[in-house]
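Enquirer: This is the structure I have questions about; it appears just below.
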Amino acid sequence: MLIASSLVFLLAMLPSPAPSPSARAVPKTIITVVSSPYCKSLADHFNGALVPMLANDRTLDGVSVQLDNLNTLFSQPDYVEQFLHTRDQLGREETALNQSLADIQSEINQLRDGAKLTTDAQAASQVHDAAADLQTAYDHQRQLAIDLQGMYEAMLQYPIARVHPAMGNFDAANMFLPSSERDVRSYLRFNGQRDIIANNENNAADKALDAATTNCTKTK
């Protein structure tokens, strides 16, 4: 995530003129920005996709807390209040995730289309590869968002007044299942999907950085 976050700043600066030496903190090289439709597309649309995806990752950090609560709240005497609070939090979080999806997909599509702005086959391939990794990360964010929406809607219909808190709300058969199979994270494949998201975001950042430094800057 650090790699991806750092790249956002770098690419955001690429379309702008290079600052004067006095504005730099002891630069080791002088970088000249190459202004071109290709470079502008790379900066604008890579950032346009990645920034909200990183925001979604922070939202998923909050979702993680709510999933932990769901795994333990039925053993608490105030489980009804905790359930309602957790449900409301999840509702806000899944709504934020789902509302971001269309714009992110549009930015990835436009990033991919930016490959048409160059006649350099390698430069075009670099954009395609970065977009492909972003698409994979996005697909898993989208799947989690959809699954969380479904879970929230199920929670709205859940008969909270008829649960069995003494058994952690599991029936007798489920009480003998391994704890991992009674974990809501397992049902959502939450941890595995987040690992895929993080890996592909960082891979996309590496490839976009390579494309930017190769095609959009030159060192004197």
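Enquirer: Can you tell which of LEU50, LEU54 is surrounded by fewer than 16 Cβ atoms within 10 Å (Cβ to Cβ), within 23 Å of THR213 (Cα to Cα) and within 13 Å of the chain's Cα centre (by Cα)? Talk me through it step by step, then tell me what you get.
Expert: Numbers: LEU50 fails: surrounded by fewer than 16 Cβ atoms within 10 Å (Cβ to Cβ).
From the options LEU50, LEU54, the qualifying one is LEU54.
Enquirer: Please go through the range 73-91 and give me each residue that is without any contact (Cβ under 8 Å) to a residue 40 or more places away in the chain, part of a helix (DSSP H, G or I) and surrounded by fewer than 18 Cβ atoms within 10 Å (Cβ to Cβ), ordered by number.
Expert: Selection gives GLU81, GLN82, HIS85, ASP88, GLN89.
Enquirer: Looking only at the range 124-143, filter to residues that are surrounded by fewer than 22 Cβ atoms within 10 Å (Cβ to Cβ) and within 17 Å of the chain's Cα centre (by Cα); which one of those is farthest from ASP88 (Cα to Cα)?
Expert: Among those that are surrounded by fewer than 22 Cβ atoms within 10 Å (Cβ to Cβ) and within 17 Å of the chain's Cα centre (by Cα), it is ALA132.
Enquirer: Yes or no: GLU94 more than 15 Å from the chain's Cα centre (by Cα) and of a type outside the set (A, V, I, L, M)?
Expert: Numbers: more than 15 Å from the chain's Cα centre (by Cα): no; of a type outside the set (A, V, I, L, M): yes.
It is false that GLU94 is more than 15 Å from the chain's Cα centre (by Cα) and of a type outside the set (A, V, I, L, M).
Enquirer: Another one. I'm trying to understand the selection: among the residues of the range 184-208, which are more than 20 Å from MET151 (Cβ to Cβ) and crowded, with 19+ Cβ neighbours inside 10 Å?
Expert: Result: ASN200, GLU201, ASN203, ALA204, ALA205, LYS207, ALA208.
Enquirer: Further question on the same structure: Being among the polar types (S, T, N, Q) and either touching a His at 6+ places or on another chain (Cβ under 6 Å) or closer than 27 Å to HIS85 by Cβ (or both) is the filter here; which residues of the range 131-162 pass it? Before the answer, list the steps.
Expert: Step one: of the range 131-162, the residues among the polar types (S, T, N, Q) are 135-136, 141, 143, 149, 157.
If the condition is that a residue be among the polar types (S, T, N, Q) and either touching a His at 6+ places or on another chain (Cβ under 6 Å) or closer than 27 Å to HIS85 by Cβ (or both), then GLN141, GLN143, GLN149, GLN157 are the ones that fit.
Enquirer: So, of the residues in the range 95-123 that are of a type in the set (Gly, Ala, Ser) and surrounded by 18 or more Cβ atoms within 10 Å (Cβ to Cβ), which turns out to be nearest to ALA198 (Cα to Cα)? Talk me through it step by step, then tell me what you get.
Expert: Looking only at the range 95-123, we keep the residues that are of a type in the set (Gly, Ala, Ser), and these are 96, 100, 102, 106, 114-115, 121, 123.
Adding the requirement that they be surrounded by 18 or more Cβ atoms within 10 Å (Cβ to Cβ) leaves 100, 114-115, 123.
Values: SER100: 17, GLY114: 24, ALA115: 24, ALA123: 24 Å.
Among those residues, the one meeting the criterion is SER100.
Enquirer: Please determine whether any residue of the range 71-88 is at pLDDT 95 or above and among the aliphatic types (A, V, I, L, M).
Expert: Checked the range 71-88: no residue is at pLDDT 95 or above and among the aliphatic types (A, V, I, L, M).
The values are calculated or read from the model by the stated rules, or taken from the named source; none is laboratory data. Quick caveat, the model's predicted, so the values are computed rather than measured. No Cβ is skipped: glycine too gets one built from the backbone with ideal geometry, and neighbour counts run over all protein chains shown.
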